[in-house]
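Asks: Sharing a structure with you now.
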Amino acid sequence: MSGLGELDRSGAPENPAAPRRGAGDPVKALMHRHRELCERAVDPLEIAAGLEAHGVTDRTAARFRHRDVFSLAEEMYARVPRGDDTPPRPAPTALPRPRPDRALLTLLPGALCGAALTGLRLTEGRTRLLVAVAGVLTVTLALRLVLGKGPLGPRRGTRPGRRRTALWTGWLLAYAALGDGLLRAAVAGGPDGWPTGTPDGPWPFAPAPLLTLTLACAPATWCAHLLTARARRRLDASRGLEEFTASVQPLLLGVFTLFLGALGALTALCAAALDEPPAYAPVLTLGALLFLARLLTVHGFPHVPAVVLAATGTAEVLAPATVLAGRLPGCGALSVPVETLTTAGGPASVPALLCAAAGLPLLVHAVRTLTRASAHARTAHPC
């Protein structure tokens, strides 16, 4: 297909912007390679976004004697023959209204989690175990719907990395509820038993962070919807790629800050409702990490979030594992870093530090990726 670039004999994609040797008109050769993109475009910015998606940069545009990609796109748009049936430039995109069924779906994980936690407090023995199993299954299914086919799910055609992202998201949520209790028990010489679903058991259970993060699906969806709608408006009004990037950067950071504010309020409310001290550091860092991962996945960039979440989840597994391994003869040094950090800042400092260390580079990647016109021009999945 002309819009996807050609493959050489080795199977690697050919650089779509490289001018053909010996060609008298390299721009014409580029137009031929991207013929479908040029013919269906309604303005130069749409061609510029398509070129950007295929790896054409301002440095590449200089090889075609243009100062930037948008200037190159303007020439390509002007040189495409158009008849009377050329579609007019569409009206500016209106702010889409969130679908009621999707809005209700985002409340489902938090509602089911709240119901399960209430059941754990009202039951004992085998009944409590059944309630816990049912709660885990229902919350997991609800999260799978929201992150798979719901408003926080990836758009159609996204690569399979999205499945690994959802898997590690579930693991990180499980650690938020049980990981700190396991780490505390391991440092103290335990654990002496399996989790009982109570904060004072041999393997303490922390329900407030889990409830907070499941309830956060709703503000995360609203913030993702706001970013998509506003970015599309900026795309309609922009005259160049640099102008669009400059206008979307503060929008992305503002939406990210707005989500953190909503998550902080939910942390305080859930901690007060469950009579627990608010764990701001681990909840905010994990929530920020998961939110950035979902934004990138929704817009068709699941690979980096999958790698980052997998690395963070693996590191959280290794934290209590090193403490337990340190009890083996000659392996005491393995537990020193985690035990020192836990003694200084408590068990919650370990996931907070890991999520912060993973979230900062992911934020930088999101600012570089989600401020490009191609990230929003190619997004067809509504929020």
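The values are calculated or read from the model by the stated rules, or taken from the named source; none is laboratory data. Since the model is a prediction, treat every value here as computed from it, not as a measurement. Methodologically, a virtual Cβ is constructed for each residue, glycine included, from the backbone with ideal geometry; neighbour enumeration extends over all protein chains shown. Areas reflect the complete protein model, heavy atoms only, side chains present, ligands, DNA and RNA absent. Shrake-Rupley method; radii C 1.70, N 1.55, O 1.52, S 1.80 Å.
Asks: Just name the residue that is surrounded by the fewest Cβ atoms within 10 Å (Cβ to Cβ) out of those in the stretch 88-115 that are modelled with pLDDT under 90 and among the small types (Gly, Ala, Ser).
Replies: ALA91
Asks: In the stretch 311-324, what residues are at pLDDT 90 or above and either open to solvent by 20 Å² or more (accessible area, probe 1.4 Å) or under 26 Å from the mean Cα position of the chain (by Cα) (or both)?
Replies: ALA311, THR312, GLY313, THR314, ALA315, GLU316, VAL317, LEU318, ALA319, ALA321, THR322
Asks: Return the pairs, sorted by first residue and then second, in which the second residue is among the basic types (Lys, Arg) and open to solvent by 30 Å² or more (accessible area, probe 1.4 Å), the first residue lies in the stretch 299-323 and is part of a helix (DSSP H, G or I), the beta carbons are less than 8 Å apart, and the residues are 6+ apart or on different chains.
Replies: HIS303/ARG159; ALA306/ARG162; ALA306/ARG164; LEU309/ARG164; ALA310/ARG164
Asks: Which one of ALA366, ALA356 is in contact with a helix residue (DSSP H, G or I) (Cβ under 7 Å, 6 or more places away or on another chain) and at pLDDT 95 or above? If you could, list the steps in order and put the result at the bottom.
Replies: Working: ALA366 fails: at pLDDT 95 or above.
Unique residue meeting the criteria: ALA356.
Asks: Another question, then. In the stretch 344-357, what residues are touching a Leu at 6+ places or on another chain (Cβ under 8 Å) and under 15 Å from PHE256 (Cβ atoms)?
Replies: If the condition is that a residue be touching a Leu at 6+ places or on another chain (Cβ under 8 Å) and under 15 Å from PHE256 (Cβ atoms), then CYS355 is the only one that fits.
Asks: Please work out which one of (1) of a type outside the set (A, V, I, L, M, F, W, C); (2) part of a helix (DSSP H, G or I); (3) under 17 Å from LEU178 (Cβ atoms); (4) open to solvent by less than 40 Å² (accessible area, probe 1.4 Å) is the condition GLY359 fails and give its number.
Replies: Condition not satisfied by GLY359: (3).
Asks: Looking at (1) buried (at least 17 other Cβ atoms within 10 Å of the Cβ); (2) at pLDDT 90 or above, find the lone condition where THR118 falls short.
Replies: Only one criterion is unmet by THR118, namely (1).
Asks: Any residue at all in the stretch 178-194 that's in contact with a Ser or Thr (Cβ under 7 Å, 6 or more places away or on another chain) and closer than 20 Å to GLY313 by Cα?
Replies: Within the stretch 178-194, one or more residues are in contact with a Ser or Thr (Cβ under 7 Å, 6 or more places away or on another chain) and closer than 20 Å to GLY313 by Cα.
Asks: ALA268 versus (1) out of contact with any Phe, Trp or Tyr (no Cβ under 9 Å at 6 or more places or on another chain); (2) open to solvent by less than 50 Å² (accessible area, probe 1.4 Å): which is the lone unmet condition?
Replies: Exception for ALA268: condition (1).
Asks: Pull out all pairs, ordered by first then second residue, where Cβ-Cβ is under 7 Å, the residues are six or more apart or on different chains, the first lies in the stretch 196-209 and is farther than 17 Å from GLU124 by Cβ and open to solvent by less than 30 Å² (accessible area, probe 1.4 Å), and the second is β-branched (Val, Ile, Thr) and outside any loop (DSSP other than H, G, I, E, B).
Replies: Final answer for the pair search is PRO209/VAL283.
Asks: Return the pair list, or none, for Cβ contacts closer than 9 Å from residues in the stretch 119-143 that are under 20 Å from THR212 (Cα atoms) to residues that are among the aromatic types (Phe, Trp, Tyr) and surrounded by 15 or more Cβ atoms within 10 Å (Cβ to Cβ), at least 6 apart or on different chains.
Replies: What qualifies is LEU120/PHE205.
Asks: Just name the residue that is nearest to the chain's Cα centre (by Cα) out of those in the stretch 119-146 that are of a type in the set (Ser, Thr, Tyr) and assigned to a helix (DSSP H, G or I).
Replies: THR140
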